[in-house]
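No value in this document is a laboratory result; all are computed from the given coordinates. In this text the structure is predicted, and so the values were computed from the model without any measurement. Heads up, the Cβs are rebuilt from the backbone with ideal geometry, glycines too, and the neighbour counts pull from every protein chain shown.
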Amino acid sequence: MIFGISVFELHLPASRSLKDKRRVVKSLIERLHQRYRVSIAETDFHDLHQRAEIALAAVVAGGESEMDRLMEELRNQVEGDPEVYLTRWDPQLLEGAS
């Protein structure tokens, strides 16, 4: 079993309030969770309007290449969101007992 984790940071240039930020971040988190069934949450910078840190974790029973593809798809989804800029992406793959 392969575990993939990533902590990434976003810049939200159009966000003028915490309410704006929450709308964008919540939408992104819900989309990624629904589409990929990953565990995902905002983990830092809760009081900043234009910055967010998000952590996610995923598990696949297949090999490392399957997890690499999933992590790349996740990154592409984040980068494809027109309301955010991905400023840091730190993926890690871990192997666990099956």
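Considering only S65, S15, S39, give the residue with the highest GNM mean-square fluctuation for the chain, with springs between Cα atoms whenever their separation is below 10 Å. Answer for the Gaussian network model of the chain: S65.
Counting charges near L12 (Lys, Arg +1; Asp, Glu -1) among other residues having Cβ under 11 Å from its Cβ returns a value of +1. With springs only between Cα atoms under 10 Å, which of E66, E79, E53 fluctuates most in a Gaussian network model of the chain? Per the Cα network of the chain with a 10 Å cutoff, E66 tops the list.
Mean-square fluctuation check for the chain, GNM, Cα pairs under 10 Å: which of R51, R35, R22 is largest? With Cα springs under 10 Å in the chain, the top fluctuation among R51, R35, R22 is at R35.
In the distance distribution for the chain, Cα-Cα pairs more than 21 Å apart total 30 percent.
Taking Lys and Arg as +1 and Asp and Glu as -1, the other residues whose beta-carbon sits under 13 Å from that of V38 total +2.
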